[in-house]
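Each remark here refers to the structure printed beneath this line.
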Amino acid sequence: MKRTLRFAAALALAAVAGLASARDIKIAHVYGKTGVLEAYAKQSHTGLLMGFEYATHGTMKVLGRKIVVIEKDTQLKPDVGKSQLAAAYGDDKVDLAVGPVSSGVALAMLPVAEEYKKILLVEPAVADSITGKNWNRYIFRTSRNSTQDAVAGAATLKGKVSIATLAQDYAFGRDGVKALKDALAKMNPQAKIVHEEYAPIKATDFTAPAERIFDALKGEPGRKVLVIIWAGPNPMNKIMALKPERFGIELDPGGNILPVLKSWRDYAGVEGAIYYYYGFPKNKINDWLVKEHEKRYGTPPDFFTCGGMAAAIAIVDAIKKAHGTDTEKLIKAMEGMSFQTPKGRMTFRAADHQALQDMYHFRIKPRAEQHGEWDILKLVNVIHAADMPIPVQNQR
């Protein structure tokens, strides 16, 4: 009888263990579903779901466990993002979280990941300080950082050039300008930044900032460039309407989402650096993403669709490598891990968990060479991750 009871107890324990190993993998997507960056957020979520679909061959399962994505809206407010992430970790018991869109919100969320000892995979927030001075060991990022943007941008600014910057007055904009200055100092000492202009994140009138920029640049000898570092509706069209060419000033707007690029179709020859453009990468993941996105949504995939997909693939690869969702095992698996994305290979640098990745130098095509609604950019050069000096900036 005792042996029978012990055997029954053993079976019961085995059954419980089996249920535990088969439980859902719960992932929170904590992102700005509402607000000025809503378009970015929607793309990110679409990409995340398509990435899980691709990485699991359509099963939405890893190691036999179903992936469940729980959505949380930060409303682009740091305090809301912080509380939503805490609720995801504490109440929903998620295994890890992805997001947010805004750098300011991300900075508020970082300590929450450390408090709950759970991974926050940052996508697509960009500010350097996320994997720099505010970083902790639970933070990974598939998104590029401000320095990667800046180094790629600096690679397009050759020789002697005078530069003014226009950026948003918050973490993303200020980190971006600092990163550009640091990158130019290393990559092109002949370049000099003669003026920095910061505007509110929701600014719509750029007349006064443009006049200050024009005054600062117009007397400079040689090439003169205005670099725009901006998230959300880009001010390039409004600046161009003020005719900077009167003073020989070129614009370098950086890359942006397709609806914004579409409004730049008549600015042939304008150059800059971009994180992703659907026609640039040549690999099977991007081929699948472009084909499926066009089939389902009628447009090519965009900036943050790619980013969301990269995050999902990284998560699936990490869970497989860690043989589960234990946080410490995931951290060990992800540090130094390389994974394939629509952009090609990315690698989480062990020192700060920043994904190292290629960027792209683009030029806007002349109208006559634009074939189709979204055929806007020409690839000038792939800026390879190995050729980009990205410093480790965390202090831990």
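The values are calculated or read from the model by the stated rules, or taken from the named source; none is laboratory data. Bear in mind that the values here come from a model prediction, so they are computed numbers and not experimental data. Counting neighbours? That spans all protein chains shown, and the Cβs are built from the backbone with ideal geometry, glycine included.
Which of the residues spanning segment 360-396 are in contact with a strand residue (DSSP E or B) (Cβ under 6 Å, 6 or more places away or on another chain) and closer than 19 Å to MET236 by Cβ?
TYR360, HIS361, PHE362, ARG363, LYS365, LEU377, LYS378, VAL380
Kindly indicate which of GLY308, GLY298, GLY344 is surrounded by 15 or more Cβ atoms within 10 Å (Cβ to Cβ) and at positive phi.
None of the others qualify; the one that does is GLY344.
Going by the structure shown, is VAL101 within 18 Å of the chain's Cα centre (by Cα) and either at pLDDT below 95 or of a type in the set (A, V, I, L, M, F, W, C) (or both)?
So VAL101 fits the description; yes.
Just to be sure, is ALA231 surrounded by 21 or more Cβ atoms within 10 Å (Cβ to Cβ) and under 26 Å from the mean Cα position of the chain (by Cα)?
Considered against the rule, which asks whether it is surrounded by 21 or more Cβ atoms within 10 Å (Cβ to Cβ) and under 26 Å from the mean Cα position of the chain (by Cα), ALA231 comes out as yes.
Give segment 298-319 a look and list any residue that's more than 22 Å from GLY99 (Cβ to Cβ) and touching a residue at least 12 places away in the same chain (Cβ under 8 Å), or say none.
THR299, PRO300
Please specify each residue of segment 210-228 satisfying the condition of being buried (at least 19 other Cβ atoms within 10 Å of the Cβ) and over 12 Å from ILE163 (Cα atoms).
Passing the criteria: only ALA210.
Tell me which residues, restricted to segment 130-151, are touching a residue at least 60 places away in the same chain (Cβ under 8 Å) and surrounded by fewer than 24 Cβ atoms within 10 Å (Cβ to Cβ).
GLY132, LYS133, ASN136, ARG137, TYR138, ILE139
Quick one: what pairs do we get from segment 162-182, first residue under 9 Å from TYR198 (Cβ atoms), second of a type in the set (D, E, K, R) and surrounded by fewer than 23 Cβ atoms within 10 Å (Cβ to Cβ), C-beta under 7 Å, 6+ apart or different chains?
Going by the 7 Å Cβ cut-off, the qualifying pairs are THR165/GLU196; THR165/GLU197; LEU166/GLU197; ALA167/ARG174; VAL177/GLU196.
Yes/no per residue for (1) over 18 Å from ALA355 (Cβ atoms); (2) touching a Cys at 6+ places or on another chain (Cβ under 7 Å); (3) basic (Lys, Arg):
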{"site": "LYS26", "(1), (2), (3)": "yes, no, yes"}
{"site": "GLY35", "(1), (2), (3)": "yes, no, no"}
{"site": "HIS45", "(1), (2), (3)": "yes, no, no"}
{"site": "ALA55", "(1), (2), (3)": "no, no, no"}
{"site": "GLY64", "(1), (2), (3)": "yes, no, no"}
{"site": "ILE67", "(1), (2), (3)": "yes, no, no"}
{"site": "SER102", "(1), (2), (3)": "yes, no, no"}
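Determine which single condition GLY254 fails, assuming it passes every other condition in (1) closer than 17 Å to THR147 by Cβ; (2) small (Gly, Ala, Ser); (3) in contact with a His (Cβ under 6 Å, 6 or more places away or on another chain).
Checking GLY254 against (1) closer than 17 Å to THR147 by Cβ; (2) small (Gly, Ala, Ser); (3) in contact with a His (Cβ under 6 Å, 6 or more places away or on another chain), the one that fails is (3).
If we only count strands (runs of 3 or more DSSP E) wholly inside segment 307-396, which ones have 2 or more residues that are under 21 Å from GLY51 (Cα atoms) and modelled with pLDDT of 95 or more?
338-341, 344-348
I'd like to check something: does segment 172-187 contain any residue that is at positive phi, at pLDDT below 95 and buried (at least 19 other Cβ atoms within 10 Å of the Cβ)?
no
Tally time: how many residues in segment 121-163 are farther than 29 Å from LEU96 by Cβ and not hydrophobic (A, V, I, L, M, F, W, C)?
Counting residues in segment 121-163 that are farther than 29 Å from LEU96 by Cβ and not hydrophobic (A, V, I, L, M, F, W, C) gives 6.
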